[in-house]
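Asks: Quick one: this structure, given as structure tokens, is what I'll be asking you about.
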Amino acid sequence: VNYSFNSPLTLCLLLLAAWCMVGLAGLARPLSIAFVGRTLFPVGAVIGAALALVAAASLAHPSSERLILPIGLPDLPVHLRLDSLSSVFLILLGAPSVGISIFAAGYFRRGEGTAPGLLCLQYHVFLASMGFVLLADDAYAFMLAWETMALSSYFLVTAQHRIPEIRQAGFLYLLMAHLGAIAILLSFGILQGGTWHFTFDAMRAAHLAPDWAAVAFCLALIGFGAKAGLVPLHVWLPDAHPAAPSPVSALMSGVMLKTALYGMIRVSFDLLGEPVWWWGLLPLSLGLFSALYGVVFAAPQTDMKRLLAYSSVENVGILFTGLGLAMVFAGVGMHAPAALTLIAVIYHAVNHAFMKSLLFLGTGAVLHATGERNLGHLGGLIHRMPWVAWLTLIGALAIAGLPPLNGFVSEWLLLQSFLFAHEVPRPFINMLLPLGAALLALAAALAGYVMVKFFGVIFLGQPRERALQDARDAGLVERLGLAWLALGCVLLGFFPTTIISALSAVTQQLRLGRLPSSDAPWWLLVPIPERQSSYAPLVFFAAIAVVVVLVFVSVRLVYHQRVRRAAAWDCGFGGLNSRMQDTAEGFGQPIRHLFQPLFAIVRELPGPFDTSPRYRLEIGDRLWIALYLPLGTLVRRVADKVAWLQQGRIATYLLYSFVTLVVLLALML
Amino acid sequence: MNALDWIVQLMGIALALAAAPALVGWVNQCRAWLQNKSAPGILLPYRGIRKLFSKDAVIAENASQLFRLAPYVVFGTMLTAAAVIPSIATQLPFTRAADAIALIGLLATARVFASLAAMDVGTAFGTLGARREMMIGFLAEPALLVVIFVVSLTCATTALPIIAERLSAQAFSLNPSLAFTAVAFTMVLLAENARIPVDNPATHLELTMIHEALLLEYSARHLALMEWAAALKLFNYACIGIAVFIPWGIATSHAPSGLAASVVWLAAKLIAAGAGLALIETLSAKLRVFRAPEFLATAFLFAVLGLLVRLLLGA
């Protein structure tokens with residue numbers, strides 16, 4: 001075993017250990033915000049940056065370095081491996097966490113229920129466990145890290161555990177996380193294929209019967225889908241992500257969901273070997289459904305963080321759609337389109353990590369400044385909080401998929417790969433697949449709607465409450481964190497060729513080969529040269545910027561620059577006030593109207609003679625009512641029956657032990 | 001890539017800039033004739049823009065920087081879009097920077113900025129307009145994308161100049177998938193350009209309008225830019241339609257005679273398209289706002305039908 005300290009894997013391990021140490025240091029002075037916030041979180045940010053750099057270096061020189069650590073149970077050492085796929089996701093973990101940790105340094109001012117030092121421990125253990133998930137090379141290590149990740153994030157979600165809703169959200173999260181973990185565990189159990197070796201190498205070498213392989217794939221899809229929030233396993237996500245403090249929401253939506261994508265890619269492209277093409281149809285269709293479902297539910301939300309959580313469901317849907325498409329392509333031997341699709345998926349995952357973190361942190365800043373998370377009580381904050389507003393605007397435009405920012409590039413790539421779908425040599429399927437592009441386009445366009453609502457209602461218009469007049473902009477440290485993520489969104493959008501060539505190390509590792517090389521200059525993105533479809537974000541942006549500046553200057557030179565301020569047009573009636581703007585409910589109304597069958601709507605309208613008129617609108621999830629409530633009732637009923645066993649007398653319990661022992665002995669003999 | 005390419009490219013942009021208000025004027029003129037009214041001159045939109053530029057800008061008290069930035073961004077994106085669309089020639093250097101999907105993204109950027117600016121002042125009409133504009137947009141955008149998809153499947157590329165070149169090289173034939181998508185595209189064009197039956201460009205009754213509600217708070221140079229951008233948008237959509245469905249006559253090289261013929265062809269097609277647009281507007285009645293999604297959903301389904309026909313028949 002090679003323990004040299006300059007190998008990337010050892011460096012990664014040391015950095016993850018450093019994260020744990022930073023967390024433990026928080027316990028030294030748990031109540032000192034100056035120490036925990038101003039010292040420990042910036043150190044955590046530096047470690048994140050170092051981790052991203054080490055991973056980037058290892059991506060540039062792929063090596064598949066291994067390490068066996070003799071810790072844990074006897075004869076069960078921890079296997080670790082750093083390959084291209086892990087490296088990419090380590091960058092996805094490290095780079096956004098820099099911005100999130102910097103923001104958190106300024107954010108945790110008062111403590112959020114839990115003592116700041118304890119939060120610091122949970123936060124950094126959460127980060128480190130995500131890193132270990134990406135490095136694990138055997139099922140034990142993977143599950144250990146996976147469970148640590150679930151538990152630490154559970155404690156972070158329930159930071160404000162005195163609020164009943166948050167406790168409830170935390171419970172649901174923990175429950176779904178464990179159901180998912182069981183499915184993953186069973187999947188690994190099948191993947192070892194009778195060898196009883198649980199290293200990933202043994203799983204790669206194991207030959208599974210096709211049926212068992214399909215079962216393993218489905219279990220993995222359930223397990224990782226539950227973690228990612230794939231519909232119908234998404235119910236915990238819109239409750240749990242908003243419940244956490246904003247930097248944690250950012251980590252959970254931005255980064256943790258991607259560990260599920262990592263697991264899915266690892267299982268379906270690496271451990272199972274060559275994917276079978278029709279397996280891909282399952283994540284593809286579930287993904288499309290999730291994308292539409294998530295964005296349709298995001299539109300009528302009135303809680304800004306819940307809106308973002310549903311938008312995460314949408315993006316997870318886009319990721320799984322791409323993953324499924326890549327599996328179909330790989331399964332039928334179309335390797336270049338498969339590589340293109342997988343690159344688009346990973347690219348989108350990285351993009352989403354930046355933009356969703358940025359948006360969640362933006363809501364955190366708004367929450368701190370105003371104490372409001374209900375869109376109906378916000379508005380006009382661009383005047384009071386210009387920094388937060390303009391930086392959040394970048395994130396909103398990016399996630400709406402507008403060029404030249406990063407969200408557009410990955411969606412563009414995904415649409416380009418859908419253009420190959422009709423060449424899949426399977427009748428009927430090759431006609432259905434291109435329709436996926438139409439649904440994807442619909443989801444992307446709806447995301448634009450949602451983001452206009454999100455940004456417009458919070459930051460534009462007139463303040464809907466008087467208290468908003470006193471809102472103060474985020475502090476310098478928080479602005480730095482936001483700016484880092486916004487910069488990420490811009491750079492990821494401007495330099496797609498660099499990123500794609502870096503990502504092709506992953507597709508090479510997964511035996512899909514790299515994209516066909518083209519003689520295009522570095523600023524021009526031509527993924528498939530024979531198609532001649534090209535996109536150059538830098539030129540694109542420069543052209544718009546030049547035109548805008550030219551028009552601005554020439555209008556000012558040729559004419560004048562006189563400006564007068566006056567009251568807004570009130571149709572001659574007078575008395576316009578801020579309550580007359582569209583509310584969040586109002587802005588979501590067309591979507592509610594159009595997609596009515598999806599929602600379970602409870603509406604309370606005021607009557608004409610009410611002395612205190614009340615309007616109440618609640619939008620429920622039909623899947624929750626149709627799927628989860630009956631399941632919950634069933635579980636409760638069975639539990640009630642089983643509770644008969646618990647008689648509360650010591651003698652009875654001793655009898656149970658005795659009977660169990662006798663049965664076991666009988667079985668052994 | 002040589003100087004001549006760039007000259008033709010700039011010519012195309014200049015042509016769009018100059019001819020866009022004339023197209024609007026022409027449509028208005030045709031519509032007035034069809035409705036038996038005395039028609040305004042074709043140059044009226046130019047006069048309107050000139051008048052607006054020399055007026056004092058009045059900005060609402062609550063407006064932020066975003067409100068003042070938006071007209072420039074909307075105008076800039078529309079002009080950039082004009083540079084991407086092959087209107088008179090297909091050998092355009094700038095078009096490599098953006099394919100048809102990026103073009104749709106560009107149009108979406110303009111829409112989002114216009115909507116955000118409308119929400120900025122915080123009046124009931126502004127937010128109402130923004131909401132309706134985005135509602136139209138989220139239905140029209142995927143329909144347009146599927147239209148582009150069908151054409152891209154036919155030509156195996158999403159680069160618009162190459163699509164126009166390949167389609168113009170084919171002899172004219174009644175292609176069923178293109179026929180379906182042409183219907184879908186026309187419906188999207190009507191909706192996106194605030195035309196009857198989705199919106200009424202002539203109305204100023206606040207409760208029924210969409211596009212005008214977005215512009216309600218704008219005045220003077222900002223309004224002029226927004227109006228000009230709207231004209232450019234109509235011109236761009238018309239040129240996309242021409243490049244995709246009736247590309248014959250477009251110059252595929254830079255021979256001066258070909259370019260001259262191409263300009264004449266383009267003018268003839270635009271005159272016909274404008275007259276057709278006026279005819280559609282005269283023959284149909286404005287839909288209630290809540291019927292607009294049905295109209296656009298029909299467009300989306302037509303486009304999807306075109307896609308299916310294309311995949312089924314391979315034509």
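Asks: Using Cα pairs closer than 8 Å and at least 6 residues apart in sequence, work out the relative contact order for chain A, in percent.
Replies: RCO, chain A: 12 percent.
Asks: Let me ask something else about it. If you take the charge dipole of chain A about its Cα centre, with +1 on Lys and Arg Cβ and -1 on Asp and Glu Cβ, which of A:569, A:237, A:273 is farthest toward its positive end?
Replies: A:569
Asks: Need one word for region A:414-532: rounded, prolate or oblate. Basis is the Cα gyration tensor (sqrt eigenvalues a ≥ b ≥ c); a/c below 1.5 gives rounded, then a/b vs b/c decides.
Replies: Note, shape of region A:414-532 comes out oblate.
Asks: Relative to the first principal axis of the alpha-carbon coordinates of chain B, what is the inclination of helix B:256-283, with its axis defined by its Cα atoms, in degrees from 0 to 90 and to the nearest 10?
Replies: Here the helix axis deviates by roughly 50 degrees.
Asks: Just tell me how shielded A:529-542 is by partners: mean number of partner chain Cβ atoms within 10 Å of each residue's Cβ, no decimals.
Replies: 5
Asks: Next question. Using helices alone, I'd like the mean residue ellipticity at 222 nm for chain A: each DSSP H run of four-plus residues gives -39500 (n - 2.57), total over residue count, nearest 500.
Replies: It lands at -21000 deg cm²/dmol.
Asks: Suppose every Lys and Arg Cβ carries +1 and every Asp and Glu Cβ carries -1, with no other charges. What dipole size does region A:475-561 come out with about its Cα centre, to the nearest 20 debye?
Replies: Dipole about the Cα centre, nearest 20: 60 debye.
Asks: In whole Hz, what ³J(HN,Hα) sequence does region B:298-305 give by Karplus (6.51, -1.76, 1.60; θ = phi - 60°), x for Gly and Pro?
Replies: Running phi through 6.51 cos²θ - 1.76 cosθ + 1.60 with θ = phi - 60° gives 4, 4, 4, 5, 4, 5, 5, 4 Hz.
Asks: Hey, what angle do you get for helix B:100-120 against the long axis of chain B, alpha-carbon based, 0 to 90 degrees rounded to 10?
Replies: Value to nearest ten degrees: 0.
Asks: Follow-up. Would you please give the residues with an amide H less than 5 Å from that of residue B:59, counting only those at least 5 places away or on a separate chain, with H modeled from the backbone geometry?
Replies: A:564, A:565, A:566
Asks: Report relative contact order for region A:514-607 in percent, whole number only (criteria: Cα-Cα under 8 Å, sequence separation at least 6).
Replies: Computed over region A:514-607, the figure is 11 percent.
Asks: Would you work out the charge dipole size for region B:1-132 about its Cα centre, treating the Cβ of every Lys and Arg as +1 and the Cβ of every Asp and Glu as -1, and quote it to the nearest 20 debye?
Replies: Here the size comes out at about 440 debye.
Asks: How do the peptides B:299-306, A:244-251 rank, highest first, by the average count of neighbouring beta carbon atoms within 10 Å per residue?
Replies: So the peptides B:299-306, A:244-251, ranked by packing, come out A:244-251, B:299-306.
Asks: Something else: When N counts the residues of the protein assembly as shown, how does its alpha-carbon radius of gyration compare numerically with 2.2 N^0.38 Å, as a ratio?
Replies: Normalised by 2.2 N^0.38 Å, the Cα Rg of the protein assembly as shown equals 0.97.
Asks: As I understand it, the value is the acute angle between the Cα axis of helix B:65-84 and the longest principal axis of the Cα atoms of chain B; what does it come to in degrees, rounded to 10?
Replies: So the inclination is approximately 20 degrees.
Asks: Could you give the nm distance between label points at residue A:215 and residue A:285, where each point is 7 Å from its Cα heading toward the beta carbon?
Replies: Taking the simple label geometry, residue A:215 and residue A:285 are separated by 2.2 nm.
Asks: Taking the Cα centre of the protein assembly as shown as the origin, how large is its charge dipole in debye, to the nearest 20, when only Lys and Arg (+1) and Asp and Glu (-1) carry charge on their Cβ atoms?
Replies: The dipole of the protein assembly as shown has a size of about 1560 debye.
Asks: Shifting gears a bit: Looking at B:264, A:357, A:218, which one has the Cα that reaches farthest to the positive end of the dipole of the protein assembly as shown (charges on Cβ: Lys, Arg +1; Asp, Glu -1)?
Replies: Highest projection toward the positive end goes to B:264.
Asks: Calculate the FRET efficiency for residue A:61 and residue A:642 from the Cβ-Cβ distance with a Förster distance of 51 Å, rounded to the nearest 0.05.
Replies: 0.35
Asks: Here's a follow-up. Count charges around residue A:518 for me, please; just the other residues with Cβ under 15 Å from its Cβ, Lys/Arg as +1, Asp/Glu as -1.
Replies: Around residue A:518, the charge tally is 0.
Asks: Please rank B:136, B:59, A:68, fewest neighbouring Cβ atoms within 10 Å first, as an exposure proxy.
Replies: Exposure proxy ranking, most exposed first: A:68, B:59, B:136.
Asks: Please enumerate, by chain and number, the lysines with C-alpha under 27 Å from the C-alpha of residue B:269, excluding those fewer than 8 residues away in the same chain.
Replies: Straight-distance partners of residue B:269: B:37, B:233, B:286.
Asks: Round to the nearest 0.05 the FRET efficiency obtained for residue A:661 and residue A:14 when R0 = 60 Å and r is the Cβ-Cβ distance.
Replies: Taking R0 as 60 Å, the efficiency between residue A:661 and residue A:14 is 0.80.
Asks: Separate question: Please compute the modelled spin-label separation between residue A:182 and residue A:465, points set 7 Å along Cα→Cβ, answer in nm with one decimal.
Replies: It works out to 4.2 nm between the two label points.
Asks: Can you work out the PRE-style zone for residue A:27? Point 7 Å along Cα to Cβ, and I want the residues of region A:85-116 with backbone N under 20 Å.
Replies: Of the residues in region A:85-116, A:112-116 have backbone N under 20 Å from the label point off residue A:27.
Asks: Could you please state, rounded to a whole Å, how far the C-alpha centre of region A:507-529 is from the C-alpha centre of region A:221-251?
Replies: 33
Asks: For residue A:356, list the lysines whose Cα falls under 29 Å from its own Cα; do not include residues on the same chain fewer than 8 positions away.
Replies: Partners found: A:227, A:258, A:305, A:453.
Asks: What ranking of A:107, A:653 emerges when the number of other C-beta atoms within 10 Å of each C-beta is taken as an exposure proxy, fewest first?
Replies: A:653, A:107
Asks: Sticking with the crude label model, points 7 Å out along Cα→Cβ, report the distance from residue A:649 to residue A:278 in nm, one decimal please.
Replies: Simple spin-label model gives 5.7 nm for this pair.
Asks: Same structure again: Rounded, prolate or oblate: which fits region A:36-146, taking a ≥ b ≥ c as square roots of the Cα gyration tensor eigenvalues, rounded meaning a/c under 1.5, else prolate when a/b beats b/c?
Replies: oblate
Asks: Would you calculate a helix-derived [θ] at 222 nm for chain B, using -39,500 (n - 2.57) for each DSSP H run of n ≥ 4 and dividing by the full residue count, to the nearest 500?
Replies: -24500 deg cm²/dmol
Asks: Cβ neighbours within 10 Å, averaged per peptide: list A:159-171, A:638-650 in order, most packed at the top.
Replies: Per-residue mean Cβ counts within 10 Å order the peptides as A:159-171, A:638-650.
Asks: Give the residue from A:163, A:539, A:485 lying farthest towards the positive end of the charge dipole for the protein assembly as shown; charges sit on Cβ (+1 for Lys and Arg, -1 for Asp and Glu) and the dipole is referred to the Cα centre.
Replies: Positive-end residue among those listed: A:163.
Asks: Can you check what the net charge comes to around residue A:418, using other residues whose Cβ is under 15 Å from the Cβ of residue A:418 (Lys, Arg +1; Asp, Glu -1)?
Replies: -1
Asks: Below 8 Å between Cα atoms, with a sequence gap of 6+, how large is the relative contact order for region A:187-345 in percent?
Replies: 23
Asks: OK, next. Give me B:109, A:498 ranked fewest to most by other Cβ atoms within 10 Å of their Cβ, as a rough exposure proxy.
Replies: With the fewest neighbours first, B:109, A:498 line up as A:498, B:109.
Asks: Grab the beta carbon distance between residue A:545 and residue A:565, set R0 = 30 Å, and tell me the FRET efficiency rounded to 0.05.
Replies: For residue A:545 and residue A:565, the calculated efficiency is 0.60.
Asks: Near residue B:110, within a Cβ-to-Cβ distance under 11 Å, what is the net charge of the other residues, with Lys and Arg +1 and Asp and Glu -1?
Replies: So the environment of residue B:110 carries a net charge of 0.
A short reminder: the numbers here are calculations on the coordinates, not readings from a lab. Note that the structure is a prediction, hence the values are computed from the model and not measured. Cβ atoms come from the backbone with ideal geometry, glycine included; neighbour counts cover every protein chain shown.
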